[in-house]
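The values are calculated or read from the model by the stated rules, or taken from the named source; none is laboratory data. Since the model is a prediction, treat every value here as computed from it, not as a measurement. Ideal geometry is used to build each Cβ from the backbone, glycine not excepted, and the neighbour counts take in all protein chains shown.
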Amino acid sequence: METERKKGCAADGLPENSGPKLNILWIVLDHVTFRHYKLMKGAVPVLPAYERLAREGCEFTNCHSVHPLCLPARAAMLTGVYANHHGKLDNGEYPDCGLPFYTDYLQSLGYRTAYFGKNHSGYENFREKGLEGFYPEGYGNPYHMEEYRDYLAKNGYGHPIYRQEWGMSTIFKQENGRVISEKIYENGDYDLTESDNFNMYCAGILKDTGKVHESDFITNSALDWMEGCSRSGASFAVRVDMWGPHHAYQVPWEMKDLLCAEEIQEYPTFQEPPTQKAQMVQDFWERIHDRNPLQTWEEWQPLMKRAYEHYSYIDKAVGEMLDKLEEKGMAGNTVVIYTADHGDALGSHGGLVDKAGDMMEEVMHIPLVIRWPGAPAGNVCDRLVSNLDLTPTVLEAAGLNVPDYMDGAGLSGLVHNENTGWREDFMAEHFGHFGIRAAQRTLYYKNYKYIATEKDVHEVYDLEADPFERQNLIHDAQYREVVSELRRRLLANMDRFGDNSGDVADIRERAAQG
């Protein structure tokens, strides 16, 4: 029976009504400095589209990623289950588990379904799944794609010329390990259609004043598709997944002076290396610290400025898409979801970059706002929710029951401010990163957070008193009962969701021993 629960089938979700179908626009950003936006003073990312949707819909202030890595989190958002069920444990290659996508259910109701942007979900069969749109295989690089070149030509834009201001590495365009282009201008500028520093630790500006950023290309492509659906009278559900604001932090010309670097306040843990965290995090910090030429906060401020401006530009692209929905008369019948796969550790815990191979809040805490036609505006919800819950939510928006095998729970009741029961705690998974296989589990309960790392340190934080996770309470005698309750709840979640593989045997044993 458990095998059947995991497998699922599109017939499991049955229509609840046969009325008009809501359209669905699901926007996913990648690698956001959302924690910085929420907690820091001074200059921070400027997010008017996020704030607009919060005013017009429901803002979830306590949303966390189900997994702090791109591929497992994205696989979870396609299938509605934890990584221990879909089997894609990190950013490597794993076989298809055979679970349906949420789009399979929507197509059975007559929806046109599409996906535009970054895939990196471990699934490469989107065409076979009936998904229209644009989605390069793997991580992808839109600047190398023919569709992007067609977009430039159609709109009369020049090539995306990038001036790198900071970087640990730059890779030229390669095929089969062989450099095929070393196009670099005399003044040090790169043509992004010819270089491969798209996913590198670097930052700078795009010099072309046209809409040549990947987010412009993706949002405009998605809008053209939605307009086509609207004209034909077809209900639609579309994912729009930007590559940004993931590094490289490539800021379009119009956004390059948005913030003043000197007004970006020092991140509270910038000078505090992660000595109380797992060894794999400490090792990663040492590698990053040795490679990064930036050491003082004054040297870091221009980098933070570019990261924040990049995030701001992605949000601006979302805002322009919302404006077009209004202009084309589609907003009144479209559910809009705005979230991210995970966060960004940038500048935290001794000056980290990237995801840090850990479950720190900078990586786990993500944005989520949902605007739903007919639901109350300005609703603020502090319940424990996750991007794992969005797949069931999309099914609810289409009028479907959520299949029993899905691990997430639909958010429609919370969006409509209904007095409905909700989970008291939430578990997130991690299986390691950067070539290190080390399982982690995080359990959220009330204002507490418990992180268990396989064969390494366990951590407990009071996020209300200590939002930057500076004091590990795991051995504090005053919190003995709290720690015991967190361990009990973690084990209960692991049991409930069948999280019992060999990867977590050590975590389960140590949590049970107390």
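Structure notes:
- Phe426 vs. criteria hydrophobic (A, V, I, L, M, F, W, C), assigned to a strand (DSSP E or B) and not assigned by TED's automatic domain parsing to the domain that holds Gly80: yes
- Sole residue being crowded, with 24+ Cβ neighbours inside 10 Å, hydrophobic (A, V, I, L, M, F, W, C) and either within 30 Å of Glu469 (Cβ to Cβ) or not assigned by TED's automatic domain parsing to the domain that holds Glu362 (or both), chosen from Ile264, Ile218: Ile264
- Counting only strands (runs of 3 or more DSSP E) that fall entirely inside the range 53-150 and contain at least 1 residues that are within 30 Å of Asp191 (Cα to Cα) and under 15 Å from the mean Cα position of the chain (by Cα), the qualifying elements are 112-117.
- In the set (1) farther than 25 Å from Arg52 by Cβ; (2) touching a Pro at 6+ places or on another chain (Cβ under 6 Å), the condition left unmet by Tyr450 is number (2).
- The single residue among Ala356, Ala345, Ala340 that is without any contact (Cβ under 8 Å) to a residue 24 or more places away in the chain and surrounded by 24 or more Cβ atoms within 10 Å (Cβ to Cβ) turns out to be Ala345.
- Failed item in (1) outside the structural domain of Ser501 (by TED's automatic domain parsing); (2) not in a helix (DSSP H, G or I), with Ile451 passing the rest: (1)
- Total residues in the range 199-216, condition in contact with a Leu (Cβ under 8 Å, 6 or more places away or on another chain), within 15 Å of Arg306 (Cβ to Cβ) and part of a loop (DSSP other than H, G, I, E, B): 1
- Verdict on Asp476 being under 30 Å from Arg55 (Cα atoms) and either surrounded by 17 or more Cβ atoms within 10 Å (Cβ to Cβ) or charged (D, E, K, R) (or both): no
- Criterion applied to Glu165, Glu132 was being acidic (Asp, Glu) and assigned by TED's automatic domain parsing to the domain that holds Glu227, and the one residue passing it is Glu132.
Okay, residues lined up against (1) out of contact with any Pro (no Cβ under 6 Å at 6 or more places or on another chain); (2) under 29 Å from Phe468 (Cβ atoms):
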position: His342; (1), (2): no, yes
position: Leu352; (1), (2): yes, yes
position: Val369; (1), (2): yes, yes
position: Gly374; (1), (2): yes, no
position: Asn379; (1), (2): yes, yes
position: Asp382; (1), (2): yes, yes
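- Taking (1) in contact (Cβ under 8 Å) with a residue 60 or more places away in the chain; (2) closer than 23 Å to Ser235 by Cα; (3) hydrophobic (A, V, I, L, M, F, W, C) in turn, Phe126 satisfies each apart from (1).
- Scanning the range 380-391 for residues that are under 30 Å from Gln107 (Cα atoms) and without any contact (Cβ under 8 Å) to a residue 40 or more places away in the chain turns up at least one hit.
- Residue within the range 347-356 that is of a type in the set (Lys, Arg), in a loop (DSSP other than H, G, I, E, B) and within 22 Å of Ser121 (Cα to Cα) present: yes
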